[in-house]
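Everything below concerns the one structure shown next.
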Amino acid sequence: MDQAEKLRFLMKKNLELSSKLKKPIGIYTIASGKGGVGKTNVVVNLAIALQKRGKKVLIIDADLGMANVDVILGLYPQSTLYDVLFHGKSFEETIINGPEGIKILPGGSGIMEMATLSVEKQEAIAHEFLTLEDIDIILIDTGAGISKNLLSFITFSQELIIVTTPEPTALTDAYSVIKVMANYKLKDKIQIIINKCPNGISAINTYEKLRKTTDAFLKVQLVSIGYILEDPRVVNSVMKQIPFVIQYPQCIASKCIDTIADKILGQKNSIKIKSIQEVYNRLLKVFG
């Protein structure tokens with residue numbers, strides 16, 4: 001069978017396994033134009049803030065080159081998605097439990113291997129996805145810059161969040177990512193978080209600069225979902241490998257994360273995936 005026939009066969013077979021969730025699933029890809037903007041730290045702390053608000057959150061660490069979600073949390077994964085695919089590991093063995101009950105799936109190189117799997121292995125991994133029924137939100141932490149991996153995950157998710165800073169190079173690189181999204185018509189709306197801001201005025205001015213440039217040259221809508229002020233306790237928490245929303249829940253940066261989490265949960269227009277089976281089929285369609 002060719003690849004398309006394999007996909008149709010797999011999806012038909014797994015319809016019997018499909019289990020509808022009580023709540024729809026929101027999938028967010030978090031990207032940045034360059035490294036050093038604090039994207040992964042934002043993802044981890046945002047996941048914890050969402051979990052504290054009653055959501056079941058899974059982080060997929062999809063930065064194939066510099067995966068470090070586990071490092072920020074001081075965790076040591078014994079296996080990755082690659083081991084699930086090729087070494088017989090289960091999701092239960094691979095997923096790490098993090099602070100406040102968040103879950104982390106170390107991606108490794110296994111994410112990109114999905115395109116070459118046999119039907120049998122695809123069915124096996126589908127069964128594994130179906131064990132993740134109790135998930136409300138998936139946050140995908142991608143590598144910095146523009147890559148095939150990033151484009152695939154943006155296609156997979158419903159929402160794209162770009163993290164940038166007021167630094168001119170970070171802003172320029174963020175615009176480059178937005179330009180690619182617009183040219184490929186992958187998203188007609190992109191959400192923006194401005195990190196490491198000296199003050200609120202700087203954050204607003206940075207976003208407005210990016211929005212005005214985008215409005216002038218690209219057919220894509222930018223939406224600000226908040227900013228994170230510079231806070232020395234963020235660096236302290238990274239050194240201690242304890243997320244700042246836990247170590248310093250009342251600090252300025254934590255309050256900014258709380259505001260962003262509330263804004264995400266308050267969004268009404270996002271189209272949600274309605275089952276883990278649909279999550280898997282969507283992912284397989286992208287990489288197959």
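Structure notes:
- Under 5 Å from the amide H of residue 27 lie the amide H atoms of 138, 158, 159, 273, each residue being 5 or more positions distant or on a separate chain, with H modelled from the backbone and absent for Pro and chain starts.
- Segment residue 100-residue 233, length gained on full extension (0.36 nm per residue, minus Cα span): 45.9 nm
- Here the Karplus curve 6.51 cos²θ - 1.76 cosθ + 1.60, taken at θ = phi - 60°, turns the phi angles of segment 93-100 into couplings of 6, 9, 5, 9, 8, x, x, 6 Hz, with x standing for Gly and Pro.
- Exceeding the 23 Å Cα-Cα cut-off - candidates 55/179; 56/187; 52/263: 55/179; 56/187
- Applied to segment 52-60, the Karplus parametrisation 6.51 cos²θ - 1.76 cosθ + 1.60 on θ = phi - 60° returns per-residue 3J(HN,Hα) values of 5, 8, x, 9, 9, 10, 10, 9, 9 Hz, with x for Gly and Pro.
- Exposure proxy order (Cβ contacts within 10 Å, fewest to most) of 206, 155, 169, 214: 169, 155, 214, 206
- Stretching residue 211 away from residue 255 to a fully extended chain increases their span by 13.4 nm, per 0.36 nm per residue minus the current alpha-carbon distance.
- Distant-in-sequence amide contacts of residue 221, defined by a placed amide H-H separation under 5 Å and a gap of 5 or more residues or a different chain, comprise 189, 190.
- Under Karplus coefficients 6.51, -1.76 and 1.60, residue-wise ³J(HN,Hα) of segment 35-51 in Hz, glycine/proline x: x, x, 8, x, 4, 5, 5, 5, 4, 4, 5, 5, 4, 5, 4, 5, 5
- Additional length obtainable on full extension of the chain from residue 176 to residue 188, 0.36 nm per residue less Cα span: 2.8 nm
- Unit charges at the beta carbon, dipole of segment 164-265: most positive-side option, 181, 164, 242: 181
- FRET efficiency, residue 218 to residue 262 (Cβ-Cβ, R0 30 Å, nearest 0.05): 0.60
- Residue 98 long-range amide H proximity, modeled H, under 5 Å: 103, 104
Every read-out reported here was derived from the displayed coordinates using simple, explicitly stated rules and does not represent laboratory data. These numbers were taken from a predicted model, which means no experiment stands behind them. For neighbour counting, all protein chains shown are included, and Cβ atoms are generated from backbone atoms with ideal geometry for every residue, glycine included.
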